[in-house]
Amino acid sequence: MQIWVGLGNPGPQYALHRHNVGFMAMDVIADLHDFAPVQKKFTGWVQEGRIGGEKVLLLKPATFMNESGRSVGEAMRFYKLAPGALTVFHDELDLAPFKVRVKRGGGTAGHNGLRSIDRHLGPEFRRVRIGIGHPGHKERVTGHVLGNYAKAEQDDLAAMLGAMASEAHWLAQGDDARFMSDVALRQQG
């Protein structure tokens, strides 16, 4: 079993924030792969399903970003899983908008959700880094991250999320390189 976590903040006022792109990814993956209805568990919202032959639990922590690790830790302990079974989908300032990269382990790059998970479980989990771009100046970062996607970005956002959901079977199988390659190809088409 794998646990895939989308990072975001709960509440409709945050729904279209760049910081909530992890939540958006969970929703599109759940829809495309016909996951079970949402249940409240582990201080969050979960949906169970299969991607390819793999059983996957999708989790959206309801704890706000800074406490995401609490929710993720509860789920990991309940299923007695090691950090290798965890994949975290999150926004990434240091990637161009709509670029998707996967890596295992590493630092938190100032991301409070990653920092919280790292505190609870250590750094050795897989991350799906979803590019939101950097606004250029440090003082503009908070407004950018906590700002809504612009109308002009909606088509690219939908295409990226759709590509990620369509190619999710590669992630489930552990073929991170093929996932990244095929997502990029879909985005070009």
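Exactly one residue among Arg140, Arg186, Arg129 is part of a helix (DSSP H, G or I), surrounded by 13 or more Cβ atoms within 10 Å (Cβ to Cβ) and free of Cβ contacts under 8 Å to residues at least 40 places away in the same chain, and that residue is Arg186.
For (1) farther than 19 Å from His120 by Cα; (2) of a type in the set (Gly, Ala, Ser), each residue gets a yes or a no:
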residue	(1), (2)
Ile3	no, no
Pro10	yes, no
Ile29	yes, no
Ala36	yes, yes
Gly53	yes, yes
Pro61	no, no
Gly73	no, yes
Leu86	no, no
Asp91	yes, no
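Using beta carbons and a limit of 8 Å, which pairs, at least six apart or on different chains, have the first residue in the stretch 1-18 and farther than 17 Å from Leu157 by Cβ and open to solvent by 50 Å² or more (accessible area, probe 1.4 Å) and the second one part of a loop (DSSP other than H, G, I, E, B) and modelled with pLDDT of 95 or more? As it stands, the answer is Met1/Tyr79; Met1/Leu81, since those pairs meet every condition given. Does Gly44 meet the test of being in contact with a Lys or Arg (Cβ under 9 Å, 6 or more places away or on another chain) and over 25 Å from Ala177 (Cα atoms)? The answer is yes for Gly44.
Of all the listed residues (Leu146, Leu161, Leu171), the sole one being open to solvent by 20 Å² or more (accessible area, probe 1.4 Å) and out of contact with any Pro (no Cβ under 9 Å at 6 or more places or on another chain) is Leu146.
The C-beta contact set for the stretch 28-47 (first residue closer than 15 Å to Gln2 by Cβ, second residue assigned to a strand (DSSP E or B) and open to solvent by 60 Å² or more (accessible area, probe 1.4 Å), distance under 6 angstrom, 6+ apart or interchain) comprises Val46/Gln39. The set of residues in the stretch 49-91 being surrounded by 16 or more Cβ atoms within 10 Å (Cβ to Cβ) and of a type in the set (D, E, K, R) consists of Lys60, Glu67, Arg70, Glu74, Asp91.
The values are calculated or read from the model by the stated rules, or taken from the named source; none is laboratory data. What you see is a predicted model; the values in this text were computed from it and never measured. Positions of Cβ are generated from backbone atoms using ideal geometry, with glycine treated the same way; all protein chains shown enter the neighbour counts. Note: areas computed on protein heavy atoms with side chains; ligands, DNA, RNA excluded. Shrake-Rupley method; radii C 1.70, N 1.55, O 1.52, S 1.80 Å.
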